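> Provided herewith is a single structure, encoded as structure tokens, for subsequent inquiry.
The values are calculated or read from the model by the stated rules, or taken from the named source; none is laboratory data. Treat the numbers as computed from the prediction; the structure is a model and nothing was measured. Ideal geometry is used to build each Cβ from the backbone, glycine not excepted, and the neighbour counts take in all protein chains shown.
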Amino acid sequence: MASLKFQPFTAALDVGFLTELGRRKLHEFGLSDAPVEIRGSYARAERHEIPSPFCVGADAFLSGEAGVPPTMCVAPGTLLNVNTLEDFKELDKTRLLDGIAQRIWEDMKSGEALERGELMLRFVLLTFADLKSHKYIYWFAFPALVVPAAQRASPPVALASLLSDTQRLALREGFASLSATRGRAPAFFAVRVDASGTLEVGPLSAFADWAAASHTPAEAWLAFCDPCPLLSNPGWPLRNLLALLTAQQLVPREWPSVRILAYREPHPGAAAPALHADGLGLPPPPRAAAGDSRSVVIEVHGPFDASPRDAPPPKAVGWSLNSSNKAGPRQMDLSAQMDPEALAEASVDLNLRLMRWRLMPQLDNEAVAATSCLLVGAGTLGCAVARCLLGWGVRTITFVDSGVVAYSNPVRQSLFTFEDCIGGDTPKAEAAAAALRRIFPCVHAGARRIGIPMPGHPVSAAEASQVGEDARELERMVEAHDVIFLLTDTRESRWLPTLLAAAHRKLALTVALGFDSLVVMRHGMPAEPAAPPASRLGCYFCNDVVGPANSMLRRTLDQQCTVSRPGLAMVASALAVELMVTLLHHPRRGAADADLVGDDEAASGEEAKSPLGGVPHQIRGSLPLFRTTCMRGSAFDRCTACSATVVDAFREKGVEFLRSAFNSSSYLEDLTGLTEMHRETEAKLEEMAGLASECDGEDDF
Amino acid sequence: MAHLSPVAFAQLGRAFAQRSAAHAVSWGWVEGESTGPFSTPSVGYLRSSPVLVEEATPHEASHEVPTDGGDDDTLVGGASGARLELHIVYGATFGVPLLLVQGYSSAGELWTVSEVRSHLMAASKEGGAPIAADSVSQIEHPALGVPFASLHPCRTAEWMGAILQRESGDAPQQLDYLSAWWSVLAQSVGQRVAPADARAWMLSA
Ligand SMILES: [Zn+2]
């Protein structure tokens, strides 16, 4: 007689188990490698050609059976998590397997296994967890006691050849009600078919009595839930069931053979759905047909003589094979999935996509994320703008700043902490970029320590080459980014970035604060380079009638008083970022004309809109009034920063032109014709200066 | 619109798991955990029995004789398949159930989200509403903290409202939200379930 070959369990380890193992190792096990009780489960094979896997999931550490789906048989296991790879290799596997086999044998001998059949399914899981690299090595063993009975089994026959359709339906119903009584599918059970053909299903412990009362082996069967789908082979649980026949005098001695059912009947499915699912496209409810069965019956021939009470356990086998069918451990590499950076990135993406799904299908998160932003100034405004950009998923942010973090900074400048101040030599740009990476490791945060050359701040011969280099570096930065934020605290330091953005046709946004008032402005970008200035929006300097000059000296204009109400920078920065995002959604992007929701004229005039709302030119806000107002200002053809005269002169003479502007306070005004205009408007200028000296906020408009 | 509270989700989840014994995919209810005296216990979740699926690129099973570990009675080689692990968790953002999916290759390796996505898209073509590519994304399992692919639930409350309305008229609270929800969602993962067993949709049953 050909010996029966058993299909081993296919072990299936869930990622959730491994991470729970890692968590417990960190918080509970520590360096202890003492055995831990776990549980696994498997369902019977059913209709599928694929073996039903033996699953160990995140719930494996829970005791009892709660949480395991009711169609699955639960098996007790022993987890051995070792601390090093060497321990994993050197551990005595034979001894470990024999130890568990011994326990199985003892449970069989004591009769405990008859009451709790799952004790025969004890398994071993040996693991090594490299928590730093998220690599796990694991090896399952399903100890099977090797008994001669396996040699005396005849090949499986289809259940359908032994039972009628009616009997098979009774079998399924009997199995279902036995499962219902126990709360789940039993791994092992007994079947009785009496002389009249009536079929009954009972627990494994019922078998001995049923067999004793039977006239022939055809009347009392042993059965097990079989994870193996093959018609030619039984699955692994049969091995220890055969061993049970050696351990206990279960089958009457005089029986020539015993029938064992490898139970693989389909699930009965839903009983009687009367519900109409029209419109939902639901398929008709599946009902298992009686003939739809992969169950087989194996006849095992005697003799059935139980071994003596103190007999040692038979030899055991059962270490699992790896993917190349060799006995050996398997590996699970979760570094890609569990890498915290990848997790953070996926979560951030999801959050932004939720916004699209829930509220705004037109949202183009990808376009926002792909926008690179240059932040000129890494102070209160730079920090706040950067955080808001992160919130929108912007991935490329570069800071330009020449300062170092001072003790007064961290309370207002949200990317710095006390530690950054110690020593007094931590560059702001780098500290801010490092903070962004700590907040979100997937961001490309850059830093340039560049002093911004300013008009009216004369450059000495010694400084000349450095200033030239700084200007060129700033220009490279402007070229390399899509959007330029002007976030410095003096007016004239915005001049060069404004000019560079205009020269390279980049979207520039300015944020400027007074004590309790704010201005957020986007600089106009001509649709075509040759477009007349009036048709485009102005820049920060367009409203000026004086060129940018050393405000530290003249003390009349702008931000000499850099102390503003603490909430102001947050408000202004947020407005600037939201304006940028709204603009990115506008079909004409940076070239869009000023447009406001509720502004009927603009609404009717311009067809193109941003789905996020209006794209104003300037937003002016006042904290005392708790009000913002939107305004529009056209480009000024004598502007000292964005006019064609200045841009052309810069393009032509480059650094030479810049040096003239830095060294002479009147150079730009002469160049653009402002000087001449001033003479004509002397009186008006006096009036402006008078107003401005109140120094109560944004006074340069 | 029909939303579900965490408490109702847990009640329905336990009943849903208990009733699932007759189905090819059955469910276990894993209770939520309390992490500390002042924290609200987490909502529990449902986990399925493994769903076996054809592998897109089958793993080549070799038929070598094992060197050790088994014995002459051990069958070596043979088919193995990929599997899906399904979880149903409470989606707090939307107040609806959330279907989470993990796929594993026959070699036991975790599928990437895009592998899960293409599987679900292919499976949904065979019946039911097609799944759009951007409706499958990676999220963190609220209880396990591991990445799962999720079917985004933004319209769930909307179509559940329609179903509950249609099936129960004026008494939507009589319907088993979870069973009704699953009967629609199941086809997305290639499962064919009856819309409900007998009166499973009716809570009073
Ligand atoms: Zn200008």
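> Quick check: anything in the range A:403-424 within 20 Å of A:ALA480 (Cα to Cα) and either acidic (Asp, Glu) or at pLDDT 90 or above (or both)?
The answer is no, given that none of the residues of the range A:403-424 is within 20 Å of A:ALA480 (Cα to Cα) and either acidic (Asp, Glu) or at pLDDT 90 or above (or both).
> Oh, and also: For the structure I just gave you, tell me whether A:ALA113 is within 14 Å of another protein chain (Cβ to nearest Cβ) and either surrounded by 15 or more Cβ atoms within 10 Å (Cβ to Cβ) or in contact (Cβ under 8 Å) with a residue 12 or more places away in the chain (or both).
On the way: within 14 Å of another protein chain (Cβ to nearest Cβ): no; either surrounded by 15 or more Cβ atoms within 10 Å (Cβ to Cβ) or in contact (Cβ under 8 Å) with a residue 12 or more places away in the chain (or both): yes.
Judged against the criteria, A:ALA113 is not a match.
> Follow-up question, since we're still on this one. In the range B:78-92, what count of residues is obtained for those that are touching a residue at least 60 places away in the same chain (Cβ under 8 Å) and either at the interface with chain A (Cβ under 7 Å from one of its Cβ atoms) or assigned to a loop (DSSP other than H, G, I, E, B) (or both)?
Residues in the range B:78-92 being touching a residue at least 60 places away in the same chain (Cβ under 8 Å) and either at the interface with chain A (Cβ under 7 Å from one of its Cβ atoms) or assigned to a loop (DSSP other than H, G, I, E, B) (or both): 1 in total.
> Inspect the range A:442-453 for any residue being outside any strand (DSSP E or B) and touching a Gly at 6+ places or on another chain (Cβ under 6 Å) and give the result as yes or no.
Checked the range A:442-453: no residue is outside any strand (DSSP E or B) and touching a Gly at 6+ places or on another chain (Cβ under 6 Å).
> All but one of (1) in a helix (DSSP H, G or I); (2) buried (at least 23 other Cβ atoms within 10 Å of the Cβ) hold for A:LEU390; which doesn't?
(2)
> Can you name every residue in the range A:138-182 that is small (Gly, Ala, Ser), closer than 30 Å to A:SER307 by Cα and surrounded by fewer than 19 Cβ atoms within 10 Å (Cβ to Cβ)?
Selection gives A:SER154 alone.
> If you take the residues in the range A:60-69 that are surrounded by 24 or more Cβ atoms within 10 Å (Cβ to Cβ) and facing chain B (nearest Cβ under 7 Å), which one is farthest from A:SER293 (Cα to Cα)?
A:VAL68
> Can you report the number of residues in the range A:52-74 which are in contact with a Gly (Cβ under 8 Å, 6 or more places away or on another chain) and part of a loop (DSSP other than H, G, I, E, B)?
Final tally of qualifying residues: 7.
> Report the residue count in the range A:629-641 for those that are buried (at least 17 other Cβ atoms within 10 Å of the Cβ) and either over 21 Å from A:ALA592 (Cβ atoms) or away from the ligand (no atom under 11 Å from the Cβ) (or both).
3
> Would you be able to say whether some residue in the range A:395-407 is touching a Gly at 6+ places or on another chain (Cβ under 7 Å) and charged (D, E, K, R)?
yes
> Moving on to the next point. Just one of A:GLY673, A:GLY697 is on the phi > 0 side of the Ramachandran plot, modelled with pLDDT under 90 and more than 16 Å from the ligand (Cβ to nearest atom); which is it? Explain how you work it out, then say what you get.
On the way: A:GLY673 fails: more than 16 Å from the ligand (Cβ to nearest atom).
Of the residues listed, the single one that is on the phi > 0 side of the Ramachandran plot, modelled with pLDDT under 90 and more than 16 Å from the ligand (Cβ to nearest atom) is A:GLY697.
> Restricting attention to helices (runs of 4 or more DSSP H) lying wholly within the range A:316-369, give those where 1 or more residues are touching a residue at least 12 places away in the same chain (Cβ under 8 Å) and of a type in the set (Lys, Arg).
The qualifying helices (runs of 4 or more DSSP H) are A:340-358.
Here's the yes/no breakdown for (1) within 16 Å of the ligand (Cβ to nearest atom); (2) under 17 Å from A:GLY382 (Cβ atoms); (3) modelled with pLDDT under 90:
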{"site": "A:ALA445", "(1), (2), (3)": "no, yes, no"}
{"site": "A:ALA461", "(1), (2), (3)": "no, no, yes"}
{"site": "A:ASP470", "(1), (2), (3)": "no, no, no"}
{"site": "A:PHE485", "(1), (2), (3)": "no, yes, no"}
{"site": "A:LEU499", "(1), (2), (3)": "yes, no, no"}
{"site": "A:VAL519", "(1), (2), (3)": "yes, yes, no"}
{"site": "A:HIS523", "(1), (2), (3)": "yes, no, no"}
{"site": "A:ARG536", "(1), (2), (3)": "yes, no, yes"}
{"site": "A:ASP544", "(1), (2), (3)": "yes, no, yes"}
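> Of all residues in the range A:1-51, how many are outside any helix (DSSP H, G or I), more than 7 Å from chain B (Cβ to nearest Cβ) and small (Gly, Ala, Ser)?
8
> Ok, one more. State yes or no: is A:ALA549 surrounded by 20 or more Cβ atoms within 10 Å (Cβ to Cβ) and at pLDDT 65 or above?
Spelling it out, it is not the case that A:ALA549 is surrounded by 20 or more Cβ atoms within 10 Å (Cβ to Cβ) and at pLDDT 65 or above.
> Moving on. Does B:PHE38 satisfy the criteria of being at pLDDT below 85 and in contact with a Cys (Cβ under 7 Å, 6 or more places away or on another chain)?
On the way: at pLDDT below 85: yes; in contact with a Cys (Cβ under 7 Å, 6 or more places away or on another chain): no.
In short, no.
> Right, another one. Within the group A:PHE128, A:PHE88, which residue is buried (at least 22 other Cβ atoms within 10 Å of the Cβ) and within 40 Å of the chain's Cα centre (by Cα)? Steps first, answer last, please.
Values: A:PHE88 fails: buried (at least 22 other Cβ atoms within 10 Å of the Cβ).
The conditions single out A:PHE128.
> Give the residues of the range A:308-325 that are surrounded by fewer than 18 Cβ atoms within 10 Å (Cβ to Cβ) and either within 14 Å of another protein chain (Cβ to nearest Cβ) or not acidic (Asp, Glu) (or both), sorted by residue number.
Result: A:PRO308, A:ARG309, A:ALA311, A:PRO312, A:PRO314, A:LYS315, A:ASN322, A:SER324.
> Kindly establish whether A:VAL511 is hydrophobic (A, V, I, L, M, F, W, C) and more than 26 Å from A:ASP637 (Cβ to Cβ). Quick ask: steps written out before the conclusion?
Working: hydrophobic (A, V, I, L, M, F, W, C): yes; more than 26 Å from A:ASP637 (Cβ to Cβ): no.
It is false that A:VAL511 is hydrophobic (A, V, I, L, M, F, W, C) and more than 26 Å from A:ASP637 (Cβ to Cβ).
> Restricting attention to the range A:642-650, does a residue exist that is assigned to a loop (DSSP other than H, G, I, E, B), more than 14 Å from chain B (Cβ to nearest Cβ) and within 16 Å of the ligand (Cβ to nearest atom)?
Of the range A:642-650, the ones assigned to a loop (DSSP other than H, G, I, E, B) are A:642-643.
The next check asks that each one be more than 14 Å from chain B (Cβ to nearest Cβ); those that pass are A:642-643.
From what is left, the residues that are within 16 Å of the ligand (Cβ to nearest atom) are A:642-643.
Yes; the residues of the range A:642-650 include at least one that is assigned to a loop (DSSP other than H, G, I, E, B), more than 14 Å from chain B (Cβ to nearest Cβ) and within 16 Å of the ligand (Cβ to nearest atom).
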